[in-house]
Every structure is written in structure tokens, then in C-alpha cells.
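Okay, structure first, notes after.
The values are calculated or read from the model by the stated rules, or taken from the named source; none is laboratory data. What you see is a predicted model; the values in this text were computed from it and never measured. A quick note on method: Cβ atoms are made from the backbone with ideal geometry, for glycine too, and the neighbour counts reach across all protein chains shown. These area figures cover heavy atoms from the full protein model, side chains too; ligands, DNA and RNA do not enter into them. Shrake-Rupley method; radii C 1.70, N 1.55, O 1.52, S 1.80 Å.
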Amino acid sequence: MGVGERIGRGNTADIYALGSKKVLKVFREPKLLDLERNISTAIEELAVGAPIFYGTVETDGLTGLAYERILGPSMLEILMGKPEKAAEYGRQLAQLHARIHSVKATGRLESIKSRLAYMISGIRHVGFEPLREVIESRLSELPGGDHLCHGDFHPGNVLLSQRGPVVIDWMTAVCGPAQADAARTIIILHHAVLPAELPDVVIQTFAQLRTILLQTYEDTYLELTGYSREELAKWELPLMAARLGESVPEEEQRTLLDIIQRQLN
């Protein structure tokens, strides 16, 4: 089975069609292939409804990981054209996320505290160095947990297929407190800056709907799980700090650093 056209491009990999029912994810850094293969194997065993993982495939001079091809737009794509669905999708996001968090992943995945500590230790952002020690100390005091955490749960990673919503892109999956994973989603919904190259109408539409999307997600998630806003808020500082080390726009980095500095002063 040969590789078809490239159908997607992310920060770390390109996605190619592999026949009509599979895709091949080809990483720009080979070491990421082994990392994601281990995570995808664990997610497959946990049977959470993620795209089927077929393992490593070598074809047409490319080596990558093969997955089931999920046909359908993402929630984010639909929202751009139908912002009136923001409340409906906010509730659906919360339901999906709570379902993921009902799965126990003890011993199968890296802990979220370990992942955050590693990311924070590598941040070289201007202005962050004086804050690093206190943030690392705050992180060490937070509790562990055994829930499955997606690690990057947002409307762009939920595809609306004929069989229903399917959560994709599990490369960041970890094990830990569900509150931490929900707090990261809230940070993304609240502060994520869309790429500047997108049309102005898209950026404006997202700005209008994000408040409703965020509020309905948060209210529904807390109602379903019984957690409090305070439990989620405890994770905001290390999560925002770790996000400084991701490939996010400078505008978002400045916003997050400003919030971190104000919280610590």
C-alpha cells in the first residue's frame, strides 16, 4: 500500500493518506516516532475510542505510524462556520473529557507532574528564569493521580465522524489528576491565539464564540465530575509555565508570562 497525498501538517509531523482507510504520520524528528508509538500502544490497550493504531509502517521511502483514517471535520472547523454551536460543543467537550478521565492509566503512561517538570526545566524564555524555582516548588506540592489525561484536549482535536465524535492526537497523553488536564483545556480555550495567517473573519469569529465555549465547558465539566474551580486553579501556574515552552505565538507567550508574574507578586 503506497503513500498518497499529504492531508495534514502539524508542528512535529506530516500526515499522508495510506489507502482509503488509514493515514501515515511521518515525524520530522525520528525520536518522536518511538515516543508516540509507546503512547499509542497504551491508548490502544485502554480502548478509549481513539483511532485504531496499526503500528510502524515503512513504505515509499517513508517511515511513520499508521492510524485509522477518521473522516469528518473537527469541532473547531464547524464552529468557524457555525458559532451558534458554541454552547452545544462546550457541553459535548466536557462530556467527552469526563469520559476520558474515567479511565485509569496507572503504570501505562508518564505522570503529568514528571512531564511538566521536564518542560519547565527546559524553558529559556526571557523573563522566566527568576520565576522557575518557585513554580517548580509549587508543582512539587501538587497531588499525583491515576486518570488518563489527553494533554492537549481542545475542539481542534475532536473530529465529528459518522460514528460520533472521535478524539485524536494522543501524543501528549499522560497519567495524573483529571483536574490538571481540565485546567489545561481551560487555559487553551481562554488564552490560545490563532495563527496570524488565518483570515481576519476566522480570528474574529473565534474571539466571539470562545467565551461561551469556555463557560459551558467549565460549568458542565464541574457539574459532571463534582470538582471545584479551586481544584483546577491550583494547576494553572505550572501549566501556563510549561506552555511557554511550546510552539505558541509570541502574543500568547507574553499574555501567559504576564499572568504568571502577577500571580507570583
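Okay, here's what the table says:
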read-out	value
Boolean, Glu141 is more than 23 Å from the chain's Cα centre (by Cα), acidic (Asp, Glu) and modelled with pLDDT under 95	no
Any hit, segment 183-197, residues being acidic (Asp, Glu) and farther than 19 Å from Met80 by Cβ	no
Residue that is touching a strand residue (DSSP E or B) at 6+ places or on another chain (Cβ under 6 Å) and of a type in the set (A, V, I, L, M, F, W, C), where the choices are Val26, Val48	Val26
Segment 5-30: number of residues that are open to solvent by 40 Å² or more (accessible area, probe 1.4 Å) and over 18 Å from the mean Cα position of the chain (by Cα)	10
Enumeration of residues in segment 68-84 that are open to solvent by less than 50 Å² (accessible area, probe 1.4 Å) and among the basic types (Lys, Arg)	none
Residues of segment 33-87 classified as in contact (Cβ under 8 Å) with a residue 60 or more places away in the chain, aliphatic (A, V, I, L, M) and farther than 15 Å from Gly156 by Cα, total	7
Output for segment 104-121, where each listed residue is β-branched (Val, Ile, Thr) and either without any contact (Cβ under 8 Å) to a residue 24 or more places away in the chain or surrounded by fewer than 17 Cβ atoms within 10 Å (Cβ to Cβ) (or both)	Thr106
Only listed residue being open to solvent by less than 30 Å² (accessible area, probe 1.4 Å) and either among the hydroxyl-bearing types (Ser, Thr, Tyr) or out of contact with any helix residue (DSSP H, G or I) (no Cβ under 6 Å at 6 or more places or on another chain) (or both), chosen from Thr220, Thr211	Thr220
Residues of segment 157-212 satisfying the condition of being among the hydroxyl-bearing types (Ser, Thr, Tyr) and within 11 Å of the chain's Cα centre (by Cα)	Thr172, Thr185
Pair list, Cβ under 7 Å, 6 or more apart: segment 236-265 residue in contact (Cβ under 8 Å) with a residue 24 or more places away in the chain and assigned to a helix (DSSP H, G or I), other residue open to solvent by 10 Å² or more (accessible area, probe 1.4 Å) and among the small types (Gly, Ala, Ser)	Glu252/Ala192; Leu257/Gly127
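Yes/no matrix, rows are residues, columns are (1) over 14 Å from His97 (Cα atoms); (2) open to solvent by less than 60 Å² (accessible area, probe 1.4 Å); (3) of a type in the set (A, V, I, L, M, F, W, C):
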site: Gly164; (1), (2), (3): yes, yes, no
site: Gln179; (1), (2), (3): no, yes, no
site: Ala183; (1), (2), (3): no, yes, yes
site: Val201; (1), (2), (3): yes, no, yes
site: Ser228; (1), (2), (3): yes, yes, no
